[in-house]
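The values are calculated or read from the model by the stated rules, or taken from the named source; none is laboratory data. Note that the structure is a prediction, hence the values are computed from the model and not measured. No Cβ is skipped: glycine too gets one built from the backbone with ideal geometry, and neighbour counts run over all protein chains shown. Surface areas here come from the heavy atoms of the whole protein model, side chains and all, with no ligands, DNA or RNA. Shrake-Rupley method; radii C 1.70, N 1.55, O 1.52, S 1.80 Å.
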Amino acid sequence: MSQTPVNPVPQHIAIIMDGNGRWAQERCLPRLAGHNAGAKAVERTLKAAQKAGVKILTLYAFSTENWTRPADEIDGLFKLLEQTLSRYTKEAEKYGIRLLVSGAKEPLPPAILKQIDQAVSATAENTQFILNLALNYGARQEIVHAVNALLQEGKKEIQPSDISQHLYQPSLPDPELIIRTSGEERLSNFLLWQAAYSEFYFTPVLWPDFDEAEFEKALSAYRTRKRRFGGL
Ligand code: FPP
């Protein structure tokens, strides 16, 4: 008789936080109001993840494709990120959170780059939890970045482990679970390499409505997934 598996709590969860715009539209609010509400959902999720025993959260905050959005939305998003980074840098100590940022530096504004450096170095010794913000992130770009680094090292032939060791955050394990909100069911250039054996959880809930109860539903779905990693 086959038994229902009970997977341990994932160490690393990655989230595609989608639906801020639609949440705002449903309320006749500007899109930025959706992103502001999304930032609150980030805080709730961070607390829920820590409470559940998750150790790493990777959040897709801004993709390499998001530059095609209207300038005022991009400016507003970056202001929000600046505020969030500055608050988290101050609060990270209290909760033992280490901040990491994954993505290409170009063409991020210098003020944000400086703040990222400060946040990353100020929290480097914290060991309770890792919050990895995917910012100006694209998975294809990340893989190309790894291959270019290997070429520069003079490698003539590469193994999968060589790519893994040259990703933006080589020390992070692959996420066991990837969540996407808002009913869309695709990866959108997120963690293409790391997602090889990730479980996916899609929910119609819009990101600003995501909370501890929704997070628990995702964990509960993951718990009973059969993870075979290509075996039987
Ligand atoms: C996708 O919703 C969301 C984003 C492009 C930005 C994510 C940003 C936040 C959640 C705000 C703050 C983040 C942090 C880390 C503090 P969308 O705008 O594509 O929504 P739509 O598909 O409904 O238009």
- prompt: How long, wide and thick is the range 1-123, going by the Cα atoms along their three principal axes, in whole angstroms, largest first?
  reply: 57, 39, 25
- line: Around Pro30 (Cβ within 14 Å, Cβ-to-Cβ, excluding Pro30; K/R +1, D/E -1) the net charge comes to +1
- prompt: Please state the relative contact order of the range 13-75 as a whole percent: Cα pairs under 8 Å, 6+ residues apart?
  reply: 40
- request: Provide the convex hull volume over Cα atoms per residue for the range 123-232, in Å³.
  value: 153
message: If you filter the range 14-50 for trypsin sites (Lys or Arg not before Pro), then keep DSSP loop positions with at most 12 other Cβ within 10 Å, what is left?
response: Arg27
message: Distances longer than 12 Å among the Cα atoms of the range 152-192: what percent of all pairs is that?
response: 72
message: Looking at the calculated P(r) for the chain, what percent of the C-alpha pair distances fall above 26 Å?
response: 39
field: Listed residues Tyr60, Ala92, Pro109: farthest to the positive end of the dipole of the range 1-152 (Cβ charges)
entry: Ala92
query: Once the whole set of protein chains is in place, how much accessible area is left on Val147, using a 1.4 Å probe, in Å² to the nearest 10?
result: 50
